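The values are calculated or read from the model by the stated rules, or taken from the named source; none is laboratory data. From a predicted model like this one, the values you see are computed outputs, not experimental measurements. With ideal geometry, Cβ positions are generated from the backbone for all residues, glycine too; neighbour counts draw on all protein chains shown.
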């Protein structure tokens, strides 16, 4: 089992390095303590974070894209992680925002547990392939307990960006 865990860790790190997930985010797109207490509030707060990027024109449009996808099925993947994502006609380039809730928020995750780590991914309507690559890379990375722990302990946005770049 230890070999499998090492392999999964390596896959997660390589996925982050290959795509350099940090290139789609930035200091302004990271909030180390969300104010939200409900699922809908989280989606609004993440949309506001996404709109701090020059790639995202309108926070309300970003919210609608995240909400539309969330209404299909929860993006709470379990293990305290959710990756709300959506396609938005007012988005110019793929953008990732990160938010953390140390208390945890009920997000209808598959395992029924509260979510602490949120990665919101917004893409232009035409960026389906890159969108799927980023979601797969985030999923591989966030399955690793080591990375989830580091994200929970991060004190500065730079630490989150280092994890997303595979440099930590």
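For residue 36, the conditions (1) surrounded by fewer than 21 Cβ atoms within 10 Å (Cβ to Cβ); (2) within 12 Å of the chain's Cα centre (by Cα); (3) at pLDDT 95 or above are fulfilled apart from (2). Over 18 Å from residue 160 (Cβ atoms), assigned to a helix (DSSP H, G or I) and free of Cβ contacts under 8 Å to residues at least 40 places away in the same chain, is that true of residue 89? When the stated conditions are applied, residue 89 does not pass them.
Of everything listed in (1) over 14 Å from the mean Cα position of the chain (by Cα); (2) surrounded by fewer than 22 Cβ atoms within 10 Å (Cβ to Cβ), the single unmet condition for residue 51 is (2). Against the list (1) under 16 Å from the mean Cα position of the chain (by Cα); (2) crowded, with 21+ Cβ neighbours inside 10 Å, the condition residue 83 fails is (2). Quick one: is residue 88 under 18 Å from residue 36 (Cα atoms) and touching a strand residue (DSSP E or B) at 6+ places or on another chain (Cβ under 9 Å)? Taking the combined requirement at face value, the residue does not satisfy it. I want to confirm something. Restricting to segment 23-40 and keeping residues that are part of a loop (DSSP other than H, G, I, E, B) and in contact with a strand residue (DSSP E or B) (Cβ under 6 Å, 6 or more places away or on another chain), which single residue is nearest to residue 156 (Cα to Cα)? So, considering only residues that are part of a loop (DSSP other than H, G, I, E, B) and in contact with a strand residue (DSSP E or B) (Cβ under 6 Å, 6 or more places away or on another chain), the one nearest to residue 156 (Cα to Cα) is 32. Of everything listed in (1) under 18 Å from residue 148 (Cβ atoms); (2) surrounded by 18 or more Cβ atoms within 10 Å (Cβ to Cβ); (3) touching a residue at least 40 places away in the same chain (Cβ under 8 Å), the single unmet condition for residue 76 is (3).
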